[in-house]
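Q: One structure, pasted below without further comment.
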Amino acid sequence: MGDIQMNRMKTYIAILLAVAVAVCAAGCSETVKAADLMENISRGSVEGKAADSAFTAVIAEFSLSLFKESIKDRQNSLISPLSVMLALAMTANGADGETLAQMETLLGGDIPLAELNEYLYSYANNLPSKDKSRLSIANSIWFRDDGDSLQVEADFLQKNADYFGAAAYSSAFDNQTVEDINEWVKTNTDGMIEKILEKIDELDMLFLINAVLFDAEWQSVYKKENIRKGDFTDINGAVRNVDFMHSAEYGYLDDGLATGFVKPYANGAYSFAALLPNEDVSIQDYIHSLTGAGFIDTLKNRQQDMLVYASMPKFEYEYSISMIDALKTLGVHDAFDMDMANFRSMATTTVGNGNLYISEVLHKTYISVDELGTKAGAVTMVAIPGDSSGGPSDYKIVNLDRPFVYAIIDNATNLPVFIGTLMTV
């Protein structure tokens, strides 16, 4: 960047995607001191559009493409494609021109944003949330309030209220705002993520924040006798002796390059799916081979009647990544360029050159997998019978004792709500 641009006053949007899977024990709510911009805006009636093959194909391709671009080499990774999709769709509702065109292509392919809004409204609102398998989504938008320098477009607020149920706040963007935003994040992730901001830059104008919470028990939790020590060979070849959970599952997966299984959570709305690359396929090559269509086909073609003796390690980790490089690779460029970005349908400002652009897309996740279930988006497995004598002669064995790919899927569409890879324990 040249000296002229370096010295130029900048105005930008920072998009923070706070993603966690956690228990939302008593219903999520937030207490903030900022002015509520939605106070005089009523959420309008939206028909929505039910998920169909066109929507599923687009979301699957977005999910797997984003996953491949956002993993860190030789590290445990985890993203929520759902969270990123919802946050960027909210942002796109304030975009125009080529900025909008690039975001539309990434998010919806041939589906225009107006139609994608309808799809996402129905999809997000129809994702089940029940006792022992809970899913919660929260969205908020934060605007700087410093006189007349920033004018928020009412249509932008209305669309994000109608389709995404977003809260919107106007605040001084001072230390109190930092506290308010972090409190919103902490509340809506039940404390799994305590903060997303350390400070607010004097040039920050807007923040868009999404939180997804997931907490589910297995249909069959692991008993004490189903947990035994075993060796996990990590991505660097180190062998670690850790607790493995053993179970018998139905739902064998085989895509030619990997084998795996599907394990349901309580109430049957969500499942955990694991795919272990074949011995002669590296985890990196396997991830590179994944496509949205292939992922969906593998899940649809699961051998539901095939018994799988499965074992997997307990694990827990956090993950944080800036999504900017991934999104640029996937075709969104103008939104991050202070000169080319066009967010005039979101807000107008008199600061600097009067142009809004995206400065950051931060994604954070947390996962814990144990014998009871999954918190923060991940897996836990069910028990293997101690005595297999007299059992069926036709069965498969899948032992997740080396790096593998896993996902938490919505059973109605097979789309991944979370997808990650375990490289080490």
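The values are calculated or read from the model by the stated rules, or taken from the named source; none is laboratory data. All figures in this text were calculated on a predicted structure; none of them were measured in a lab. Heads up, the Cβs are rebuilt from the backbone with ideal geometry, glycines too, and the neighbour counts pull from every protein chain shown.
Q: Residue check, TYR317 against (1) out of contact with any Pro (no Cβ under 6 Å at 6 or more places or on another chain); (2) outside any strand (DSSP E or B), all met but one. Which one?
A: So TYR317 meets the others, but not (2).
Q: Something else now. Within region 45-83, how many residues turn out to be of a type outside the set (A, V, I, L, M), in a loop (DSSP other than H, G, I, E, B) and buried (at least 19 other Cβ atoms within 10 Å of the Cβ)?
A: Residues flagged as of a type outside the set (A, V, I, L, M), in a loop (DSSP other than H, G, I, E, B) and buried (at least 19 other Cβ atoms within 10 Å of the Cβ) within region 45-83 amount to 2.
Q: Examine region 324-341 for a residue that is farther than 30 Å from LEU113 by Cβ, in contact with a Phe, Trp or Tyr (Cβ under 7 Å, 6 or more places away or on another chain) and surrounded by 14 or more Cβ atoms within 10 Å (Cβ to Cβ), and state whether such a residue exists. It would help to see each step written out before you state the result.
A: Within region 324-341, the subset farther than 30 Å from LEU113 by Cβ is none.
The answer is no; no qualifying residue exists.
Q: Within region 271-321, restricting attention to residues that are farther than 27 Å from ARG134 by Cβ and among the aromatic types (Phe, Trp, Tyr), which residue is modelled with the lowest pLDDT?
A: Of all residues in region 271-321, those farther than 27 Å from ARG134 by Cβ come to 276-291, 293-294, 297, 301, 303, 305-307, 309.
Going one step further and asking which of them are among the aromatic types (Phe, Trp, Tyr), we end up with 286, 309.
Working: TYR286: 98, TYR309: 95.
In this case the residue turns out to be TYR309.
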